[in-house]
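Asks: Mind looking over this structure? Questions follow.
The values are calculated or read from the model by the stated rules, or taken from the named source; none is laboratory data. Note that the structure is a prediction, hence the values are computed from the model and not measured. Because the Cβ atoms are built from the backbone with ideal geometry, glycine has one as well, and the counts that use them run over all protein chains shown. Heads up: the accessible areas ignore ligands, DNA and RNA and are worked out on the full protein's heavy atoms, side chains in. Shrake-Rupley method; radii C 1.70, N 1.55, O 1.52, S 1.80 Å.
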Amino acid sequence: MAEWEACIGMEVHAELLTDSKMFCSCVNAFGGEPNTRCCPVCTGMPGSLPVMNRKAVEMVLRTALALNCEISMTSIFHRKNYFYPDLPKNYQISQYGDTPIGKRGWLDVPANGRIVRVHIRRVHLEEDTGKLFHLPTGESAVDYNRSGVPLMEIVTEFPPDMHSAEEARAYLETLRSVLVYLGVCDGRMEQGSLRCEPNLSVRPGGGDTFGVKTELKNLNSFRAVQRGIEYEIQRHIAVLESGGKVVQETRGWNDERGESFSMRTKEYEQDYRYFPEPDLVPVQFSEEWIEQVRASLPELPLTKRQRFIEQYALPEYDATLLVEDRCTADYFEEVVALGAEPKAAANWMNGDLARLINAAGIESVRECKVTPRDLRDLIALVQKGTITGSVAKQVLEEVFQTGAEPSQVVQAKGLTQVSDADQLIAWVRQAIEENPDAAEKVRNGKMQTLQFLVGQVMKLSRGRANPNEVRRLIGEELGVTVE
Ligand SMILES: [Zn+2]
């Protein structure tokens, strides 16, 4: 049996974060009462004329530059003609042909411990369609609020650079984080503002021809992307190994059943009868505009990750988590700028704070009550020995819930670390008295049991006892040497 190699490309559609739609002044926002955010232009009334949204053009330019693309100094729009109820004009205005705003770029993607360079064929601008709803009554309804929302399409190059579901997922995750960093898309796959359609084929490993491609739709999460692609690769292999032929088609993904299904055989370009949009002037860039946008690009995630590793001496793992979104990365740098030790700040942010944020269902660290100053103070309280590490966890939780300052919480709840010998000895003796078996084991040299007794003292002290002192005192009481 041949070893198979998967070849994966991807089309990504990203709704742009402009205030208004692509060719009219209707509001561009998710949701809303159906058909309240539309006008004659975005519902395709005869005689209405589109006017281009400069901001949307600039966002595509920004993205194309960030993806290392060549920029077409002049690009035009085409009409892509097809009939579907969610498209009232019966054509979609889209950039087609050899002048997308950006072409021949690339994105470096960390995947499986190495960097995969994924080449980008084109980055272009088009408009979104409306949304169809199939009601339980058997009727269908259509909402045109999304109709005419500026949509950016990013297509990977052929031949494909991706060869596994993990790489495809990593590409999408990296691309998403770049788009969010650039402020051009909110990246919400569950709301459909970021959508991806992978296409894939398999061939015998090391071959130089390509198998028949299928395209996958309805992938609403990173997990679905990975599962869907894995499933399709196995399906292709099974068809080929049984002597069958893969049919070129678009397939849907059913996440509940964990399988893909045939939707329609693939259309060909000539089916769309593209022709230049006569109502729009060409998009023209000047060198000044391009350079101005290039100069305004933010530091991108991969570069930031490398800088965090070098500047703050962070392990790769910590840095990777911190740069996942720009907000978290900025917050971290603020905590450090206020004087916190970087590794301690990273530990708190990626550990206990991240856990609290997830549990509370908050979207970003900025929305929680713990400010960078609070976190800096909490770290300082531990480092000065005012509180123990385990008390610090309780304090963080209290600050997270109430927004009180860490030092206030420590004062109000009497959580200061106890190093007073008399108090410590009293707790140590109590712990020994209540756990005679454990004490006997330690006396006989079973040092693993020592930690159990330390834990008992920490319990008695509500986490306040200085743990190093406690270890030393237990040793003294039981007549054993503790390192
Ligand atoms: Zn409109």
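Asks: Rounded to the nearest 20 Debye, what is the dipole magnitude of the chain about its Cα centre when Lys and Arg each give +1 and Asp and Glu each give -1 at the C-beta?
Replies: 180 debye
Asks: For segment 311-361, with only Lys/Arg (+1) and Asp/Glu (-1) charged at the beta-carbon, what is the dipole magnitude about the Cα centre, in debye rounded to 20?
Replies: That gives a dipole near 120 debye.
Asks: Wrap a convex hull around the Cα atoms of the chain, take a quarter of its surface area, and give that in square nanometres.
Replies: Here the figure is 32.1 nm², rounded to one decimal.
Asks: Under a 1.4 angstrom probe, counting protein chains only, how are ARG54, ARG169 ranked by accessible area, largest first?
Replies: ARG54, ARG169
Asks: Where nothing but the Cβ of Lys and Arg (+1) and of Asp and Glu (-1) is charged, how large is the charge dipole of segment 4-289 around its Cα centre, in debye to the nearest 20?
Replies: Dipole size: approximately 120 debye.
Asks: Can you pull out the GluC sites (Glu not before Pro) in segment 185-239 whose DSSP state is coil and whose Cβ has at most 15 other Cβ atoms within 10 Å?
Replies: Filter output for segment 185-239: empty list.
Asks: Counting only C-alpha contacts under 8 Å and six or more residues apart, can you give the relative contact order of the chain as a whole percent?
Replies: Once divided by the residue count of the chain, the mean separation gives 13 percent.
Asks: Relative contact order (percent) for segment 273-350, with alpha-carbon contacts under 8 angstrom and 6 or more residues of separation?
Replies: The value is 23 percent.
Asks: A follow-up question, please. Considering the options THR214, ALA29, GLY244, tell which one lies farthest towards the positive end of the dipole of segment 4-289, charges being +1 on Lys and Arg and -1 on Asp and Glu at the Cβ, about the Cα centre.
Replies: GLY244
Asks: For segment 1-46, which chymotrypsin sites (Phe, Trp or Tyr not before Pro) pass both filters: DSSP loop (anything but H, G, I, E, B) and at most 15 other C-beta atoms within 10 Å? Could the numbers behind the result be given before it?
Replies: On the way: sites: TRP4, PHE23, PHE30; in loops: PHE23, PHE30.
Passing sites in segment 1-46 are PHE30.
Asks: Here is a follow-up. Cross-link candidates for LYS393: which lysines have Cα within less than 18 Å, leaving aside residues fewer than 8 places away along the same chain?
Replies: Result set, ordered by chain and number: LYS343, LYS369, LYS384, LYS413, LYS459.
Asks: Straight-line reach from LYS131: which lysines have a Cα under 20 Å away, not including same-chain ones fewer than 8 places off?
Replies: Here the lysines satisfying the reach criterion relative to LYS131 are LYS21, LYS80, LYS89, LYS217.
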